[in-house]
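**Student:** I'd like to ask some things about the structure below.
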Amino acid sequence: MPELPDVEGFRKYFNETALNKKIIKTELISPEMLRKGSPKDLVKYTEGEKFISSLRHGKYFFAGLSSNKYLMLHFGMTGYLIYYKLPEDAGGHIRLQFKLDDGFYLAYDNLRKFGAILLIDDPAEYIKEKELGPDPINDGLTYNKFRERVDSKSGNIKAVLMDQSVLAGIGNLYSDEILYQAGVHPSKLFSSIKEDGKKEVYKKMMSVLKAAVKKDGDHSALPGKYLLNHRSDGEKCPICGGKIVHKTIAGRTAYFCNSHQKK
DNA sequence: AATATTGTTCAGCA
DNA sequence: GTGCTGAACAATAT
């Protein structure tokens, strides 16, 4: 699930469950997911420490620790956070588990081991290292700023929206959703879109992300006119009655309406 | 049984 | 340097 709205949902969940709690025990069940540093250090800087803050940039989540370090989690395609009292209520693929001082556990579950676990010093530095673009929600991205980031790119609009160095947080599903709402074909070049269309892409990007953040990334809670709940071939387009089709664009499976998103 | 999958990164090529 | 494609990563569902 994890694109910007989903990860923001995890952050909220973290705030409601683990923030300001002390870690009694740290268990790294899948040490290969720790992409740098030693498991020993992960334990050293988390056990006995408190979670004191949380932040998110794009699809990256950071939990601030009282040891002055940050736990960075990337969720890949299948990661999520889960809070539970009984270990049998944990997900089936727990990779990292914290026992908290309230008797509950907070864990990072990830079926496929894409994603990453890291212990870092400074989120801002990490974001710079990764060359992540601005986060449209956190950074209050204006239309001018959006144009500044996107205008220099020559790839198709879907690829540009998904490029984390242009903007951080949009992936396959939400890029499709934004273009569907804006009525723009995913394989169009941004430069070939008329002024009005460009503005529409920006507006829909902001409104779709905001709406999804409000629903904590829960797709089924989004309005019926969203493509997210109609991502399959031959479905009737809830906006214009056209047909939903798919095609590989920017290396991913793009779904779009073959009638109101014209090339 | 072959194929697809909400993400990232890298090699190879134009 | 830019952009595109395909592969790799890993595990599951259809």
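**Student:** Can you tell me how many residues in the range A:169-182 are buried (at least 24 other Cβ atoms within 10 Å of the Cβ) and within 16 Å of DNA strand C (Cβ to nearest atom)?
**Tutor:** Count: 4.
**Student:** Now for a separate question. Here's a check for you: in the range A:1-36, which residue that is within 16 Å of DNA strand C (Cβ to nearest atom), surrounded by fewer than 22 Cβ atoms within 10 Å (Cβ to Cβ) and within 20 Å of the chain's Cα centre (by Cα) is farthest from A:Leu81 (Cα to Cα)?
**Tutor:** Within the range A:1-36, the match that is farthest from A:Leu81 (Cα to Cα) is A:Arg35.
**Student:** Could you check the range A:62-138 for strands (runs of 3 or more DSSP E) lying wholly inside it with 1 or more residues that are surrounded by fewer than 15 Cβ atoms within 10 Å (Cβ to Cβ), hydroxyl-bearing (Ser, Thr, Tyr) and within 16 Å of DNA strand C (Cβ to nearest atom)? Write out each step before concluding.
**Tutor:** Details: elements: A:70-74, A:79-84, A:94-100, A:105-110, A:116-120.
Filter on the range A:62-138 gives an empty set.
**Student:** Scan the range A:91-109 and report the pairs whose first residue is among the polar types (S, T, N, Q) and whose second residue is surrounded by 15 or more Cβ atoms within 10 Å (Cβ to Cβ), with Cβ atoms within less than 8 Å and a gap of 6+ or a chain change.
**Tutor:** Close Cβ pairs satisfying both conditions: A:Gln97/A:Thr26; A:Gln97/A:Glu27; A:Gln97/A:Ala90; A:Gln97/A:Tyr105; A:Gln97/A:Leu106; A:Gln97/A:Ala107; A:Gln97/A:Tyr108.
Here is a yes/no grid of residues against (1) assigned to a helix (DSSP H, G or I); (2) within 22 Å of the chain's Cα centre (by Cα):
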site: A:Ser165; (1), (2): no, yes
site: A:Tyr180; (1), (2): yes, yes
site: A:Gly197; (1), (2): yes, no
site: A:Val201; (1), (2): yes, yes
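**Student:** Read through the list (1) in contact with a helix residue (DSSP H, G or I) (Cβ under 8 Å, 6 or more places away or on another chain); (2) closer than 30 Å to A:Asp163 by Cβ; (3) buried (at least 21 other Cβ atoms within 10 Å of the Cβ), then give the number of the only condition that A:Phe51 fails.
**Tutor:** (2)
**Student:** So, one more: Does any residue of the range A:112-121 turn out to be touching a strand residue (DSSP E or B) at 6+ places or on another chain (Cβ under 7 Å) and of a type in the set (Val, Ile, Thr)?
**Tutor:** Taking every residue of the range A:112-121 in turn, at least one turns out to be touching a strand residue (DSSP E or B) at 6+ places or on another chain (Cβ under 7 Å) and of a type in the set (Val, Ile, Thr).
**Student:** Listed residues A:Lys247, A:Lys262; which is surrounded by fewer than 15 Cβ atoms within 10 Å (Cβ to Cβ) and in a loop (DSSP other than H, G, I, E, B)?
**Tutor:** A:Lys262
FYI, it's all coordinate maths here, none of it is from the lab. Keep in mind that this is a model prediction, so the values were computed, not measured. Cβ: placed from backbone, ideal geometry, glycine included. Neighbour counts: every protein chain shown.
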